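Peer 1: First the structure, then my questions, so here it is.
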Amino acid sequence: MKKFSIKTLGCRVNQYDTQYVREQLKRAGWEENQEGEGSNLCVINTCTITEKSDTKAKYFLRQARRENPDAKIVLTGCFTDKMRGLEGVDAYVSNMEKEKFLVKAGLVSEEEAFELLGSNFHIAQFEGRTRAFVKVQDGCDAFCSFCIVPFTRGRSHSRTVEQLVQEVRALVFNGHQEIVLTGVHLGSYGLKKEDEHSLADVIETISGIPGLKRLRLSSLEPMGLTPELIKRLSELENLCPHFHLPLQSGNNRVLEVMRRNYEVERFFEHTALIKKHFNQPSISTDIIVGFPTETEEEFQGTLDVAQEVQFSKTHIFPYSHRSGTLASRLPAIDPKEMNDRVNRLTELTDQLAYEHKLPFLDQQTDVLVEEKDEEGFLQGYNKNYLKVLFKGEEHLKNQVVSVSLKEAVSTHFKGECEHALL
Ligand code: SF4
């Protein structure tokens, strides 16, 4: 049996792409090899969001070549174009070619691929994960000044509702209780003139698929959010009341230099609307600290917005220089100053994450159990994407159980579940 191994770097969209490639290979008779050695084909699905991810991709390439000297090495993902011509690589498959991976990697002919996959190939399971990611949109037209993604994933394009419904049906049929809709710029779904459905349409349709317990939205760029969308989402029973809205900065001048195309006031309007239409929603975010030219006063603006919105979780990214982006031409701020700002924002947002949990204490919450940790705690997330740990038996994995929330820290709850030990 021909064996393949696949390494994935990067975001949920890239993890989805890996599953898509994995299922093509299996359909073509390949077997996945979990071991490092003994593969006939090694696929590296790369990311290039930071210099660090480039370094990791090169490390995986050397490792694959060392452990599988006779294997065919195929590079794909966001670092592909920059890596062309690299020694030790047998084939390159760009992001836009992943749908035709078998052909572009030189494994089968076009005719054979059509025989194997048909015209509407989609994933049917998400290996290694309880919650399944479904890519509804790819590419981006926003060109934020710090971001390399539009150069590696092309222009925004949306998958059809028919494709998505078939895919989600298959995932639910194969036991996935929660579907996470993801995209490079989810909010730009359905905005092209050739698109027949809006983001609200596609979410409503998917939400109605029988057996789907939970529907979650991945990152939603603020410039893609509308009052109408928020209102329509609030009417969907199985939609998780958790919104990840990347703010990036709490200052309008910095947002302008970032080319984010919204102002802080609009961000407040959206978060206020979410709090109006959803019962106890959770709003998390991404913030870039130390963006070139950001002043202390402007950073204070970010601290104020975080305090005002009361984020349930904040992913903090110290600005990282990315050659090829507009921002890379701007003067960097003093690294010591950047670290100090990271520490102050971390301190504040840890406190906010803790405070966000307090109103939920002593409430019952439904947790989708994902794994058991070394200390014997079952781990999972509730609909608000808040992590919960509780004692229980392994057989509860991939089940939704009701847990009483007893204790809160900034990173998670500790709880008790009556039936967990049965
Ligand atoms: S919206 Fe901005 S940050 Fe997000 S992928 Fe597009 S360019 Fe990058």
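Peer 1: Restricting to the stretch 92-137, what's the tally of residues that are in contact with a Phe, Trp or Tyr (Cβ under 7 Å, 6 or more places away or on another chain) and closer than 17 Å to Phe4 by Cβ?
Peer 2: So the count comes out to 3.
Peer 1: In this structure, is Lys100 open to solvent by 90 Å² or more (accessible area, probe 1.4 Å), outside the structural domain of Asn174 (by TED's automatic domain parsing) and either assigned to a helix (DSSP H, G or I) or touching a residue at least 60 places away in the same chain (Cβ under 8 Å) (or both)?
Peer 2: yes
Peer 1: Has the stretch 176-185 got at least one residue that is open to solvent by less than 30 Å² (accessible area, probe 1.4 Å), charged (D, E, K, R) and more than 12 Å from the ligand (Cβ to nearest atom)? Please lay out each step first, then the result.
Peer 2: Here is the first cut: in the stretch 176-185, the residues open to solvent by less than 30 Å² (accessible area, probe 1.4 Å) are 176, 178-183, 185.
Imposing the further condition that a residue be charged (D, E, K, R) reduces the set to 178.
Keeping just the survivors that are more than 12 Å from the ligand (Cβ to nearest atom) gives 178.
The answer is yes, given that some residue of the stretch 176-185 is open to solvent by less than 30 Å² (accessible area, probe 1.4 Å), charged (D, E, K, R) and more than 12 Å from the ligand (Cβ to nearest atom).
Peer 1: Among the residues of the stretch 139-153, count how many are in contact with a Lys or Arg (Cβ under 6 Å, 6 or more places away or on another chain), within 12 Å of Ser328 (Cβ to Cβ) and near the ligand (Cβ under 8 Å from one of its atoms).
Peer 2: Residues in the stretch 139-153 being in contact with a Lys or Arg (Cβ under 6 Å, 6 or more places away or on another chain), within 12 Å of Ser328 (Cβ to Cβ) and near the ligand (Cβ under 8 Å from one of its atoms): 1 in total.
Peer 1: Anything in the stretch 220-234 that is part of a helix (DSSP H, G or I) and either away from the ligand (no atom under 16 Å from the Cβ) or aliphatic (A, V, I, L, M) (or both)? List them, or say none.
Peer 2: Once the filter is applied, which keeps residues that are part of a helix (DSSP H, G or I) and either away from the ligand (no atom under 16 Å from the Cβ) or aliphatic (A, V, I, L, M) (or both), the stretch 220-234 yields Met223, Pro227, Glu228, Leu229, Ile230, Lys231, Arg232, Leu233.
Peer 1: Continuing with the same structure: Please verify whether the stretch 198-219 includes one or more residues that are within 16 Å of the ligand (Cβ to nearest atom) and surrounded by fewer than 15 Cβ atoms within 10 Å (Cβ to Cβ).
Peer 2: So the first thing to find is which residues in the stretch 198-219 are within 16 Å of the ligand (Cβ to nearest atom), and the list is 199, 217-219.
Within this subset, residues satisfying the condition of being surrounded by fewer than 15 Cβ atoms within 10 Å (Cβ to Cβ) are none.
Looking through the stretch 198-219, none of the residues is within 16 Å of the ligand (Cβ to nearest atom) and surrounded by fewer than 15 Cβ atoms within 10 Å (Cβ to Cβ).
Peer 1: A further question on this structure: Which of the residues that make up the stretch 78-97 are assigned to a loop (DSSP other than H, G, I, E, B) and free of Cβ contacts under 8 Å to residues at least 60 places away in the same chain?
Peer 2: Arg84, Gly85, Leu86, Glu87, Gly88, Val89, Asp90, Ser94
Peer 1: Under 6 Å between Cβ atoms, at least 6 apart or on separate chains: pull out the pairs that start in the stretch 155-173 with a residue that is closer than 17 Å to Lys192 by Cα and end on any residue that is assigned to a helix (DSSP H, G or I) and open to solvent by 10 Å² or more (accessible area, probe 1.4 Å).
Peer 2: Ser156/Ser188; Val161/Thr205
Peer 1: I'm trying to understand the selection: among the residues of the stretch 38-66, which are open to solvent by less than 20 Å² (accessible area, probe 1.4 Å), assigned to a helix (DSSP H, G or I) and under 13 Å from Cys78 (Cα atoms)?
Peer 2: If the condition is that a residue be open to solvent by less than 20 Å² (accessible area, probe 1.4 Å), assigned to a helix (DSSP H, G or I) and under 13 Å from Cys78 (Cα atoms), then Ser53, Asp54, Ala57 are the ones that fit.
The values are calculated or read from the model by the stated rules, or taken from the named source; none is laboratory data. Please read all numbers here as calculations on a predicted model, not as lab measurements. Cβ sites come from the backbone with ideal geometry, for glycine too, and all protein chains shown count toward neighbours. Side chains included, ligands, DNA and RNA excluded: accessible areas come from the protein's heavy atoms. Shrake-Rupley method; radii C 1.70, N 1.55, O 1.52, S 1.80 Å.
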